[in-house]
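Visitor: I am attaching a structure below and will ask some questions about it afterwards.
The values are calculated or read from the model by the stated rules, or taken from the named source; none is laboratory data. Since the structure is predicted, the reported quantities are computational estimates derived from the model, not experimental observations. Virtual Cβ from ideal backbone geometry, glycine too; neighbours counted across all protein chains shown. Note: accessible area is taken over every heavy atom of the protein model, side chains too, but ligands, DNA and RNA are not part of it. Shrake-Rupley method; radii C 1.70, N 1.55, O 1.52, S 1.80 Å.
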Amino acid sequence: MQAAFSAINESKANFDHVYVEKDPRQYFNYLGQLDYIIPHLAQPIFKQIIRARAATQSDPVTVLDLGSSYGVNGALMKYALSYDALRDRYTAPALQGLAHDDMLELDRAFYLAWPRDRNLRVIGLDISENAVRYGQACGAMDMAFCADLEADEPKPEVAAAISEADIITSTGCVGYVGSKTFDRVMKLARKGRTAWVVSFVLRMFPYDRIAATLSDFGLETEKFQSATFVQRRFANREEMEAVVKAVEMRGIDTRGFETEGVYHADLYVSRPRSEIERAPLQEIVNVVSGANKPWTIGTNVMSQHGDGAHQRARGTRHLRVAPGS
């Protein structure tokens, strides 16, 4: 699976350089130019699922965020903050020239000044050592670890942290990680009280093998049927055409979605069958669409290429529905 994911990822713009900076300023500056919005759309979903999980247990909920980077999801879960507030903070001209240590000192004070959910803990996991170090040091996450579970078994301290997870979240790591990571995580997470898994997955990536892995641990996967979720705008026409082709190759019609110039993700939630019967996904999750969010550039210029990209992706093929799509 990972080899297949790697081939699909060749179509994506590469932002590796922003994930290894010592603090999140470049992350927000680069991705902000492309209206990266998935943390904003995921925030209310995560909170609804956290409330549903909290109703099943007496102790605080612990979330393990895969691909946590600098702890953006963690900050939005823990604190009474909006994504726009974080983006405005880290792109503020007055903060761009600060030394890293000064930025960290300001961020520690910033997070301490905000009310936080005392019944929630967030643990981060990412391959960027700089990102997880900063995310924990500033307070966006309670604990954070650098680990590549596609390549290696977790170290003892990482395994101990994973074992505390009640919910496992991700907003963009599927496609960079596959079933091997989820298998290693689920072998450790909440023995005797199975962790739930909440994944936002770009439509270019299949999720069926990961869902099959989760089923081995007693989890059944539901796909949220009422909406897709915008991740960001395409960086250029070449990225758009390649992604439209990749999605169409899965038998999924891109018209009105990727042809509008933006990545779309599906939401998958995996829980024990007993929990699904008690409260199906459509009952615990309500969304307000981000499709009509006013892009900062006024209009999405990539959408003008939509029809052409769609035709080049389809060619003369007939659409089919892919298993697990």
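Visitor: For the chain, modelled as a Gaussian network with Cα springs under 10 Å, which listed residue fluctuates most, ALA52, ALA92, ALA140?
Guide: Comparing ALA52, ALA92, ALA140 in the GNM, the peak value goes to ALA92.
Visitor: Right, here's the next one. With +1 on the Cβ of every Lys and Arg and -1 on the Cβ of every Asp and Glu, and nothing else charged, how large is the dipole of the chain about its Cα centre, in debye rounded to the nearest 20? Provide the component values of the computation, followed by the final result.
Guide: On the way: 38 positive and 41 negative charges, 147 e Å.
Value, rounded to 20: 700 debye.
Visitor: Name the residues of region 179-209 whose amide N is less than 14 Å from a point 7 angstrom out from the Cα of SER215 along the C-beta direction?
Guide: 207-209
Visitor: What share of Cα pairs, in percent, lie more than 14 angstrom apart in region 61-101? Before the final figure, lay out each step's value.
Guide: Numbers: 478 of 820 pairs.
Roughly 58 percent, rounded to a whole number.
Visitor: In addition: Take the chain, connect every pair of alpha-carbon atoms lying under 10 Å apart with a spring to form a Gaussian network, then pick out the residue of HIS305, HIS17, HIS264 with the largest mean-square fluctuation.
Guide: HIS17
Visitor: Can you give the charge dipole size of region 137-178 about its Cα centre, rounded to the nearest 20 debye, using +1 on the beta carbon of Lys and Arg and -1 on the beta carbon of Asp and Glu? Mind showing how you got there, number by number?
Guide: On the way: 1 positive and 8 negative charges, 23 e Å.
Dipole size: approximately 100 debye.
Visitor: Eight or more residues apart or on different chains, and alpha-carbon atoms under 29 Å: count the Lys pairs in region 186-297 matching that. Don't jump to the answer; show the numbers that get you there.
Guide: Values: LYS187/LYS223; LYS191/LYS223; LYS223/LYS245; LYS223/LYS293; LYS245/LYS293.
Pairs that pass both the separation and distance tests number 5.
Visitor: How large, in percent, is the carbon and sulfur part of the accessible surface of the chain at a probe radius of 1.4 Å?
Guide: On the way: 7300 of 14290 Å².
Ligands and nucleic acids excluded, carbon and sulfur give 51 percent.
Visitor: Just need the relative contact order of region 155-306 here, percent rounded to a whole number, with Cα pairs under 8 Å and 6+ apart.
Guide: Details: 213 pairs, mean separation 40.1, N = 152.
The normalised contact order for region 155-306 reaches 26 percent.
Visitor: Given an 8 Å cut-off on Cα distances and at least 6 residues of separation, report the relative contact order of region 71-209 as a percent. Can you show the working numbers first?
Guide: Values: 159 pairs, mean separation 28.2, N = 139.
The normalised contact order for region 71-209 reaches 20 percent.
Visitor: Looking only at the chain, where both bridge partners belong to it, what percent of the DSSP beta bridges are antiparallel (to the nearest 5)?
Guide: Numbers: 14 of 32 bridges.
So the antiparallel bridges amount to about 45 percent of the total.
Visitor: Helix-derived [θ] at 222 nm for the chain: sum -39500 (n - 2.57) over DSSP H runs of at least 4, divide by residue count, nearest 500? It would help to have the intermediate numbers written out before the result.
Guide: Details: 15 runs with 130 residues, N = 325.
Mean residue ellipticity at 222 nm (helix-derived): -11000 deg cm²/dmol.
Visitor: While we're here: Give the Cα extents of the chain along the principal axes, in whole Å, largest first.
Guide: 54, 51, 36
Visitor: Separate question: What spacing in nm lies between the two simple spin-label points modelled at GLU105 and ALA55, each 7 Å away from Cα in the Cβ direction?
Guide: Taking the simple label geometry, GLU105 and ALA55 are separated by 4.7 nm.
Visitor: Once you have a ≥ b ≥ c as the square roots of the Cα gyration tensor eigenvalues for region 50-190, tell me rounded if a/c is under 1.5, and otherwise prolate or oblate according to whether a/b is larger than b/c.
Guide: Numbers: a/c = 2.08, a/b = 1.39, b/c = 1.49.
Verdict is oblate for region 50-190.
Visitor: Still on this structure, please answer the following. With a Förster radius of 41 Å, plug the Cβ-Cβ distance of ASP253 and ASP148 into 1/(1 + (r/R0)^6) and report the FRET value to the nearest 0.05. Intermediate results must be reported in sequence, preceding the final value.
Guide: Values: r = 35 Å, r/R0 = 0.85.
The computed FRET efficiency comes out at 0.70.
Visitor: Based on a Kirkwood Rh over C-alpha pairs, give the Stokes-Einstein translational diffusion coefficient of region 85-145 at 10 °C and viscosity 1.306 mPa s in µm²/s. Mind dumping the intermediate values first?
Guide: Details: Rh = 12.6 Å.
Translational diffusion coefficient: 126 µm²/s.
Visitor: Step through the residues of region 152-159 one at a time and calculate ³J(HN,Hα) from phi using the Karplus curve (6.51 cos²θ - 1.76 cosθ + 1.60, θ = phi - 60°), rounding each to whole Hz and writing x for Gly and Pro.
Guide: Working through the residues one at a time gives 9, 5, x, 5, x, 5, 6, 4 Hz.
Visitor: Could I ask something else about it? Over the chain, what relative contact order in percent results from Cα pairs under 8 Å that are six or more residues apart?
Guide: Values: 566 pairs, mean separation 65.0, N = 325.
That works out to 20 percent.
Visitor: Next up: Averaging over all projection directions, find the projected area of the Cα convex hull of region 178-298 and quote it in nm² with one decimal place. Kindly include the intermediate steps, with their values, before the conclusion.
Guide: Working: hull surface 35.4 nm².
Mean projected area of the Cα convex hull: 8.8 nm².
Visitor: About the Cα centre of region 123-269, what is the dipole size in debye to 20, counting +1 per Lys and Arg Cβ and -1 per Asp and Glu Cβ, all else neutral?
Guide: For region 123-269, the charge dipole is close to 140 debye.
Visitor: Rounded to two decimal places and with Rh computed the Kirkwood way over Cα pairs, what is Rg over Rh for region 11-67?
Guide: Values: Rg = 15.6 Å, Rh = 14.0 Å.
My calculation puts Rg/Rh at 1.11.
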